[in-house]
Amino acid sequence: MDRRVTVSAALATTLLCGACGGGADTDEPAFRAALLTSGPVSDAGWYAGAYEGLLMMRDSLGAGVSHQQTRTPAEFDEAFLAYAADGYDLVFAHGFEYQDAALRAGRQFPEMTIVVSGGGRVTENVVPLVFTLEEGSYLAGMMAGGMTVSGTVGMVGGVAIPPVQGTFRAFEAGVFAVNPDARVLEAYIGNWDDVSAAKEAASAQLRQGADVLIHNTDAASFGVFQAVRERVAEGEVAWAIGMNRDQNGIAPEVTLGSAVIDIPRAFLATARSWQAGELGGVPIYVGSSRSVIDFVPNPAVLDAIPAGLLEEVDSARVRIRRGELEVPRVHFVEGETEEG
Amino acid sequence: MRARPFIAIMGNPWVSGATALALTGLVAAASLWLGGFDPLAAFASLVRGSLGSPGAFLSITLVRAVPLILTGLAVGVAFRAGVWNIGAEGQLYAGAVAAVWAGLHFGTLPAALLVPLVLCASALGGVIWILVPAFLRIRMGVGEVITTILMNFLGIHLAAWMVRGPLQEPRGIFPQTESIPLSAQLPVLFPGTRLHLGFPLAMGLAVLAWGFYRWTVAGFRASAVGASEEVARVAGAMDVNRVLTGTFLASGALAGLAGGVEVAGVTFALYEGLSPGWGYTAIAVALLAGLHPLGIVGAGVLFGALEGGAGAMQRNAGIPSAWVSAVEAMVILSLLAVGVASRSRTAGPPTTANESGGIVAGTGGSDEDPGHA
Amino acid sequence: MTTPPAARLGNITKSFGRFPALSGASLEVRSGEIHGLLGENGAGKSTLLSIFGGRLRPDAGSLEIRGTRTEFGTPGDAAAQGIGMVHQHFALVPAFTVLENLALGYRSSRSRWTLPIPDLRDRAARLQAETGLRVPLEASVERLGVGDRQRVEILKALLIDPSIILLDEPTAVLAPSEVDTLFGLLDRLRAQGRAIVLVAHKLDEILGVVDRVTVLRRGRTVLTAGRDEVDGPALVRAMVGEGPVADPAVPDIPRPRGGRVPPGEVVVSLEGAPTSGLNGPLEIRRGEIVGIAGIEGNGQGSLAMALAGRSRPPGTRVRLPAHLGFIPQDRTRSGLAGSMSLVENLALALHRDPAYRTSRPGLPSLLRWSALRERAGELMERYGVSGPGLDAPVAALSGGNQQRVVVAREMALARDVLVAENPTRGLDVASTTFVHQQIQSLSSTGDRPPGVVLISTDLDEIMALAHRIFTIVRGSLREVPRDARSREEIGGLMLSGVEAV
């Protein structure tokens, strides 16, 4: 079977050779890296971060780069095939949706390495890149547990899928670490972009007594900030915490901080370990140990946060980096064990 | 004017297609240049990426043509008989859902049984999705344009629900189904390419459809009903409802099959957003081909090359996908404009004066379906 | 000449593709006259009128309105110059009410942007009172009969207060008494000083009302004369030309043959609501022509559809033979598919005939196109259809030729019975005569000639052809006694349904 695959891969690249020939530059790049996204790289978030990472590979590692936005799953295999034929070494497939096609392509083109963001399966040349946002989320939970006056905090999620639930479990753990008696509310709006639904869910939690809210709703998060703002305007005390990227600027006066992913840095680090021949066979976890995941307190409200709490969070960050503190995590890479 | 001059269908879509491509090339080049991109590099990668090598042609262009040909046939078959099925998109999704369900549920069967079963299931799914519009049109006189469009939304949501609910992959993490087993997948025709059995299947169906309209009594009846229901009923003494029923079912089956072939030949699993709007592009494909089944194959391959080349434009020339979509839309528009214009030139005199019925003649107005002018 | 003519079209040419419809047609109309425009089908009358009314643009030619050279324009331009057009096939929106249809071409003097409905209602009501064109303004057009639709069409033309009115075969759809009313109206319009151009096929009819006539032959004006300077035979000669022609040209209306009912077997029998006024079912026998006379809109349509087996009205039972031909009244709407070729239109009816299809068990039956083509060529020759060929869309044929296609096709099918509804409507004299002769010879030739049901609003046609005559009033049939076969008595029966005997 392996031989057949190799033969067919050779055939495929030969057949497609016309597609790659001619255009090659005279100064050969150090390596070729490509990025596949399912959304536009102008989203100032998940996809934009990936594209930024790709450009950093070009600028600091001398890679030849290319990007394609796929519109449908039918384009996945085609894109891998085309990149293999064009001699690309490393393909970042930025989303779990690519994993099946990546496995097929990985079998067919053993020379190419594929990194699947949030992927669930691992082979020699197909590697999931898993962002352990739980670590930032745990630190955010500590902050929430320390700041709550009412003893109740809330979580507003987009869709109840394991990656989101994972961040909430970690958040809970962080809350209980500093405030064992706290109550944690949890709600999902069912999508990623309904701002008014997010606001409604957040307001409901505030009415139930929550005074610190975290979200994991992507584009709908503005509704959570809005709800907190209005609560504060009514004279109550309430805080919001951002997620995924630094959202401290959205509502600076009511935001404690954000749990962030530094995607460009993760990509760059992955590319470096591929160059070093260290990539393959095991999933890549990027978290606070590589400074990809972090909790960023909001500088605008530092005065409102007790110094002791900030110190506690800082020391927890250090212990997580050293591996001394285990943050609860959802395991979705196949065959992955508790120890990961 | 009638949208489907029967004689004109026999006209030559290739000439009009070439003219349109040249014209659009100029417009697209100008707009790319204005956007700060190199038009020559863009077009070079478009052509190289779709037609530049046997591999690109077989693995990219033809593979992309398959769903367009099948949905194009679905639309063509419907429009020819005066059924305005705008719902190929929803029927495609229903077919894809049915195919994946069959592939997973009967996964232990040998390929010789499972592949036909999967394809039949997808056709059946498409048929089920068109039953309501068909019933409403034939029994209640409700225009199928609206109902088929509404069923599109339902079909898209059906798939979205399936990948999160009943058909979600067993670990329940990702919104997609498990891959169907190898025995349910369409075999690849040439090793090293992605070209699968779906292409000869689509070709065969197109030839079959061509023969159906060219030679069979039933095909002639369908064309007659499309030319004028009233004439078919009165002069042809035809059972118009029967013809319409058959047309609805065939159209739905073809669109459903497009979904089945796509999951069994390309994606192997069901995703939401499986189709980038093939069911709608199909309308352009069918109209460009003048509803001629063999023309639909040609138009499908042309659109497949265009979309495949568009991917290469992104990869190799660094043109952002929004620009690529805009250029693609321009090409489609001008293809249609030139195609339709060149056909109406060959469609003969606009009638000898108004003796044979004016454009809004009160006595002749109702042989077009109300609301679909 | 002191006053210039109302309009003068000079040397108009117009081609459709390679088919020349007009090649040097001229027409001069004076204010205060009714001008008859005559010619065979396909002579170019409708094309000329469409150019006059702005619906078509000529390839060459000149136009003068009241002595001033004018460019050819759109229907809107024509309306602005005071030209109103009454179309042969009405340009009405079926789903709209009468008033809404009137509003389509109407511009208010007060506002460009609002629909002047109250204003329009007043004007329409006044116009109706003036002209006697009574139609319910709020009725939707699709519910109106042909006669009423024509009244709407005329009202619409009159709304712009035209100085020139063009009427394309207005009498074709009307009953005799309605024709008289129309001509009375035209008389009054003439008296108001308007110029009227009238296209009609029945020479007798038109000669009684026109002041002058212009005759077109093959797209060319061949005669313009005052009414008193010509007679019927002279006009016919002008229309068909000298020398041998393909058609039997002389309008020799056959003698009525009433009185003898051939003793053929019964091929059609109809029972139920339409026959409630008869003593038993309506029976059609081989070899006889049964005429059904009535004013438009009295249920002829559904009776024809029932007799042809196309629909089954509740409470009606029909026994039909195997081989039935049906000439529906509206060829453009029901008889022919304009976008299909001549052969395909033939196949439309003949595809059921086993002679033109294969039947092998287990295989779909195929059409034998070669046999169909052969038959088409033969029929077209026999019935004198001229046009761009077997594969051109039939929409490219002239109205008369289209009707010949329908007649040819249905007669070929009518081995047992022929049901014909207004088969000569809109046809010229020669074509009408031809169709009448075909019907007669069909019903009298061979050992087992078919029976014929002739449903017509043209009483002359019925009296000339039918052995037995029925009237239809509000869907109900009555037989006309043999001794009551006169125009007046049957006309009275058609109007009232009350036996005048």
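The values are calculated or read from the model by the stated rules, or taken from the named source; none is laboratory data. This is a predicted model, so every value here is computed, not measured. Positions of Cβ are generated from backbone atoms using ideal geometry, with glycine treated the same way; all protein chains shown enter the neighbour counts. These area figures cover heavy atoms from the full protein model, side chains too; ligands, DNA and RNA do not enter into them. Shrake-Rupley method; radii C 1.70, N 1.55, O 1.52, S 1.80 Å.
Helical content of chain A, expressed as a calculated mean residue ellipticity at 222 nm, amounts to -13000 deg cm²/dmol (DSSP H runs of 4 or more residues, -39,500 (n - 2.57) each, divided by residue number, nearest 500). Positive end of the dipole of the protein assembly as shown (Cβ unit charges, origin at the Cα centre): among B:Ser223, A:Leu129, C:Leu477, the Cα lying farthest that way belongs to C:Leu477. Helices meeting the span-like rule in chain A (full DSSP H runs, Cα extent of at least 20 Å along the helix axis, mean Kyte-Doolittle score of -1.0 or higher): A:46-61, A:133-147, A:162-178, A:307-322. Each residue of region B:276-284 was assigned a 3J(HN,Hα) from its phi angle through the Karplus curve 6.51 cos²θ - 1.76 cosθ + 1.60 (θ = phi - 60°); the sequence is x, x, 3, x, 8, 4, 4, 5, 5 Hz, with glycine and proline shown as x. Given +1 at the Cβ of Lys and Arg, -1 at the Cβ of Asp and Glu and no other charges, the dipole of region C:7-240 around its Cα centre is 620 debye to the nearest 20.
Computed over region C:336-412, the convex hull of the alpha-carbon atoms projects to a mean area of 4.8 nm².
Could you tell me which of rounded, prolate or oblate describes chain B, using a ≥ b ≥ c as the square roots of the eigenvalues of the alpha-carbon gyration tensor, with rounded for a/c under 1.5 and, failing that, prolate when a/b is larger than b/c and oblate otherwise? Judged from the Cα gyration tensor, chain B comes out oblate (a/c at least 1.5, b/c at or above a/b). Looking at region A:263-340, the accessible area is 52 square angstrom per residue; that uses a 1.4 Å probe and ignores ligands, DNA and RNA.
Measuring nothing but protein heavy atoms, the accessible surface of chain B at 1.4 Å probe radius is 74 percent carbon and sulfur.
Within the accessible area of region C:7-240, what % is carbon and sulfur when the probe is 1.4 Å and the other protein chains stay in place?
48
Summarising the amide proton neighbourhood of C:Ala21: residues at separation of 5 or more, or on other chains, whose placed amide H is nearer than 5 Å comprise C:Lys14, C:Ser15, C:Phe16.
In order along region C:318-327, phi translates into HN-Hα couplings of 10, 10, 10, x, 6, 10, 10, x, 9, 9 Hz, rounded to whole numbers, per the Karplus curve 6.51 cos²θ - 1.76 cosθ + 1.60 with θ = phi - 60° and x for Gly and Pro. Computed over protein heavy atoms with a 1.4 Å probe, the accessible surface of chain B works out to 36 Å² per residue. For the protein assembly as shown, the number of Lys pairs with C-alpha atoms closer than 27 Å, counting only pairs eight or more positions apart or on separate chains, is 5.
The interface between chain A and chain B buries about 3200 Å² of solvent-accessible area in total (1.4 Å probe, ligands and nucleic acids excluded). In this structure the amide hydrogen of A:Glu186, modeled in the peptide plane, comes within under 5 Å of the amide hydrogens of A:Met155, none closer than 5 places in sequence on its chain. Extent of the protein assembly as shown along its three principal axes (Cα atoms, max minus min coordinate, largest first): 121, 70, 64 Å. Our note on the geometry: Cα centres of region C:329-346 and region A:220-278, 70 Å apart.
Annotation: C:Lys14 carries an accessible surface of approximately 30 Å², with a 1.4 Å probe and no ligand, DNA or RNA atoms counted.
Heavy-atom accessible surface of chain C, averaged per residue, reaches 41 Å², computed with a 1.4 Å probe. For region B:24-62, a decrease in accessible area of 20 Å² or greater in the assembled protein chains relative to the isolated chain, with a 1.4 Å probe, applies to B:Arg48, B:Ser53, B:Pro54, B:Gly55, B:Ile60. Rounded to the nearest 100, the interface formed by chains B and C buries 4000 square angstrom of accessible surface, both chains summed, with a 1.4 Å probe. Under the classification rounded if a/c is under 1.5, otherwise prolate if a/b is larger than b/c and oblate if not, where does region B:110-219 fall, given a ≥ b ≥ c as square roots of the Cα gyration tensor eigenvalues? Cα axes put region B:110-219 in the oblate bin. With contributions of -39500 (n - 2.57) from each DSSP H run of at least four residues, the per-residue ellipticity at 222 nm computed over chain C stands at -9500 deg cm²/dmol. Close amide-amide hydrogen proximity is noted between A:Ile114 and A:Val91, A:Val126, A:Val127, each under 5 Å apart and 5 or more residues distant or on a separate chain (H modeled in the peptide plane; Pro and chain starts excluded). Residue separation of A:Arg183 and A:Glu28 scaled by 0.36 nm, minus their Cα-Cα distance, works out to 49.9 nm of gained length. Separation of region B:100-164 and region B:223-241, taken as the distance between their Cα centroids, equals 29 angstrom.
Put a plus charge on the Cβ of each Lys and Arg, a minus charge on the Cβ of each Asp and Glu, and nothing anywhere else: the dipole of chain C about its Cα centre is then about 1040 debye. Computed with a 1.4 Å probe on the full set of protein chains, the accessible area for A:Trp192 sits at about 80 Å². Residues of region A:58-74 whose accessible area (probe 1.4 Å, heavy atoms of protein chains only) drops by at least 10 Å² once all protein chains are present, relative to their chain alone: A:Ser66, A:His67, A:Gln68, A:Gln69, A:Arg71, A:Thr72, A:Pro73, A:Ala74. Charges were assigned to the Cβ only: +1 to each Lys and Arg, -1 to each Asp and Glu. The resulting dipole of the protein assembly as shown about its Cα centre is roughly 4280 debye. What the phi angles of region C:24-29 give under the Karplus curve with 6.51, -1.76 and 1.60, with θ = phi - 60°, is a coupling list of x, 9, 10, 8, 10, 10 Hz, glycine and proline written as x.
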